[in-house]
Amino acid sequence: MIIPIVDIGKIFLEHLCTVTVYMGAMMRKGYDDLTDYELVKLFQEGDHSAFTVLHRRYHGKIYAQCHHMLYRNVQDAEDCTQQTFVKAYKALHKFKFQAKFSTWIQKVAFNACINYLNTKNYRNKKITGSVDKEIQDSSQAIVDMIPGKEKDARDIIDNRVMYEVALRCIAKLPHKKRWALMLIDIENVSYKEAAEIMGIKMASLKPLIHRARCEVKHCVKEQLGL
């Protein structure tokens, strides 16, 4: 019997609530000090409460990734984050320890976001939400995409209008370029990890990033009349 994703999500969240009761004991046993690999090993050996630590450790990072990929739509990002951890929970017994857990779960999130985009009408999707979080997380990356030989980074960051233009230019990129740019320049993952997450070769990723940066700079220059 196939359980709808909504029900799976509900079951998953109920499971997390249940195992949270044991977090005090887990902390005393040093679970929080274990590496990702050690926690995965415990999970595969039947200690599913170890997943709670992984969930807590990576929830913020995965939400940020979904938030960027889904055009900063809070509700969509929350839904996709939940789907990511549901999928990760169901697939973790297959984890082969050939990649970092962080890369593996980011790839799960990446694919979940692609599926989400394919099931909703995201063409010309409007950006929602505040730019404040992006300013905290990726200020220098965005500043570097704004043309101009002489510019004060702080002035640019403080100018919400200019910053919003840069973010909107990124949002206009074709999906593949935007995702590559997001992973490298905003999420700050390595080229190797980004290639693994996107399922492409490094030789393809580097020119993709170069073209994406050039297109954003051209768009910003055009929009701001620089």
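Just so you know, all these numbers are worked out from the coordinates, no wet-lab data involved. Predicted, not measured: the structure shown is a model, and the values here were computed from it. Please note: Cβ atoms are built from the backbone with ideal geometry, for glycine as well, and neighbour counts cover all protein chains shown.
Annotations
- Residue pairs, from the table K87/K206; K94/K206; K201/K221; K177/K201, whose Cα atoms sit over 20 Å apart: K87/K206; K94/K206; K201/K221
- When each of the peptides 100-113, 210-223 is scored by how many other beta carbons lie within 10 Å of its residues on average, the order from highest to lowest is 100-113, 210-223.
- Computed from phi, the 3J(HN,Hα) profile of segment 200-211 under the Karplus parametrisation 6.51, -1.76, 1.60 (θ = phi - 60°) reads 10, 7, 4, 5, 8, 5, 4, x, 5, 5, 4, 5 Hz, with x in place of Gly and Pro.
- Length released on extending from E38 to H218, taking residue separation times 0.36 nm less the Cα-Cα span: 60.2 nm
- Rounded to whole Å, sorted largest first: equivalent-ellipsoid semi-axes of segment 155-226, Cα gyration tensor: 25, 12, 9
- Cβ-Cβ FRET estimate between H59 and K90, R0 fixed at 22 Å, reported to 0.05: 0.80
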